[in-house]
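Q: Got a structure for you, questions after.
The values are calculated or read from the model by the stated rules, or taken from the named source; none is laboratory data. All values reported here derive from a predicted model rather than from experimental measurement. Backbone-built Cβ (ideal geometry, glycine too); neighbour counts: all protein chains shown. What goes into the accessible areas is simple: the full protein's heavy atoms, side chains included, and nothing from ligands, DNA or RNA. Shrake-Rupley method; radii C 1.70, N 1.55, O 1.52, S 1.80 Å.
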Amino acid sequence: MLRLNNISKSFLQRGIVLNDLHLSVKEGDTVSITGPSGSGKTTLLNIIGLLDRPDAGEVLFRDKQLLSYDQNQAARYRSLNIGFVFQDHLLLPYLTVFENILLPLLASETSDADYSRKTDEARRMMEKTGISGIASKYPYQISGGEAQRATLVRALVNQPSILLADEPTGSLDRRNAEILGDLLTGMNREYGITLILATHSQDLADRMKVRYALSEGKLELQAITDN
């Protein structure tokens, strides 16, 4: 489904972050990437999501070369195929939770019928994740765990092929981290969404089927399980 070949990336102040890196991800896989701060985990996810470009290498999604895309093509790729969950929820403070969740639909080419169907699905996902009762509240009125669950539903509202999660439990306490981990793996099973996450949490990493460690710019396979 996704292949990264010979990916290299450096920054002026940090030097080489990714060094001739390779990654292959199958449809429906759950993948964890662990590593110390500054090792390049976020940079790698940003390259997959075309939020950043490598200095060298190629990124192929279903055998299509993504690095040849212009800005409009890259935006369309993200809109149709990628959902993002970050450590900070990034909910807009002047919109309700439900309005925040529907934002990706407004930024994509969505027919009236498709918008209605995805809105109904968003309500179902809110119920499934236990946040239907806060739909009309604003971000300052809800807890961090509720905000992160809203972010997850927002990331899935366009029914992407890949969910990229960057330290999704980093700002949560242990109980809310477990809840979000359950939701991430549950959404993978129910919708078949490919999940790629960067995390410092070994507990969360261990719940993924394929586990990598990122060190010195390269990925080292740690385990493949039946999760």
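Q: Could you give the distance between the Cα centres of segment 22-74 and segment 181-227, to the whole Å?
A: Taking the Cα centre of each part, segment 22-74 and segment 181-227 sit 15 Å apart.
Q: For the chain, what is the accessible area per residue in Å², given a 1.4 Å probe and the full set of protein chains? Don't skip to the answer; put the middle values down first.
A: Numbers: 11100 Å² over 227 residues.
Roughly 49 Å² per residue, with all protein chains present.
Q: May I pose another question? Counting only protein heavy atoms, what percent of the accessible surface of segment 30-140 is carbon or sulfur at a 1.4 Å probe?
A: 50 percent
Q: Considering amide H positions built from the backbone, and no H for Pro or chain starts, which residues 5 or more places from LEU163, or on another chain, come under 5 Å of its amide H?
A: Counting only residues 5 or more places away or on other chains, the set is GLY83, THR194, LEU195, ILE196.
Q: If amide H atoms are built 1.01 Å from N in the plane of the peptide, which residues on other chains or at least 5 residues away come under 5 Å of the amide H of ILE33?
A: Amide H neighbours of ILE33, under 5 Å, 5+ apart: LEU197, ALA198, THR199, TYR212.
Q: If you don't mind, there's one more thing I want to ask. With contacts defined as alpha carbon pairs under 8 Å and 6 or more residues apart, what's the relative contact order of segment 81-221 in percent? Can you show the working numbers first?
A: Details: 181 pairs, mean separation 42.4, N = 141.
Here the relative contact order equals 30 percent.
Q: Do any trypsin sites (Lys or Arg not before Pro) in segment 1-88 lie in a loop, going by DSSP, with at most 13 other beta-carbon atoms within 10 Å of their beta carbon, and if so which?
A: On the way: sites: ARG3, LYS9, ARG14, LYS26, LYS41, ARG62, LYS64, ARG76, ARG78; in loops: ARG14, LYS26, ARG62.
Here the sparse-neighbourhood loop sites are ARG14, LYS26, ARG62.
Q: What number, in nm² with one decimal, is the all-direction average of the projected area of the convex hull of the alpha-carbon atoms of segment 85-227? Mind showing how you got there, number by number?
A: Numbers: hull surface 37.2 nm².
Answer in nm², one decimal: 9.3.
Q: For ALA56, list long-range residues whose amide hydrogen, built 1.01 Å from N in the peptide plane, is under 5 Å from its own amide hydrogen.
A: Counting only residues 5 or more places away or on other chains, the set is SER8.
Q: Distance in nm between label sites at ASP226 and LEU80, each 7 Å beyond Cα in the beta-carbon direction?
A: Simple spin-label model gives 3.7 nm for this pair.
Q: Can you list the chymotrypsin sites (Phe, Trp or Tyr not before Pro) in segment 70-137 that are in a DSSP coil and have 12 or fewer other beta carbons within 10 angstrom?
A: Working: sites: TYR77, PHE84, PHE86, TYR94, PHE98, TYR115; in loops: PHE86, TYR94.
Passing sites in segment 70-137 are TYR94.
Q: Work out how much length ASP70 to GLU58 would gain on full extension: take 0.36 nm times their residue separation and subtract the Cα-Cα distance, in nm to one decimal. Mind showing how you got there, number by number?
A: Details: separation 12, 0.36 × 12 = 4.32 nm, distance 1.48 nm.
Using 0.36 nm per residue and subtracting the Cα-Cα distance, I get 2.8 nm.
Q: I've got another one for you. List, in order, the whole-Hz ³J(HN,Hα) value for each residue of segment 201-211 obtained from phi through the Karplus relation with A = 6.51, B = -1.76, C = 1.60 and θ = phi - 60°; use x for Gly and Pro.
A: Running phi through 6.51 cos²θ - 1.76 cosθ + 1.60 with θ = phi - 60° gives 7, 5, 4, 5, 4, 5, 8, 8, 6, 10, 10 Hz.
Q: Determine the dipole magnitude for the chain: charges of +1 sit on the beta-carbon of Lys and Arg, -1 on that of Asp and Glu, nothing else is charged, the reference point is the Cα centre, and the result goes in debye to the nearest 20. Please report the intermediate quantities before stating the final value.
A: Working: 25 positive and 28 negative charges, 13 e Å.
It comes to approximately 60 debye.
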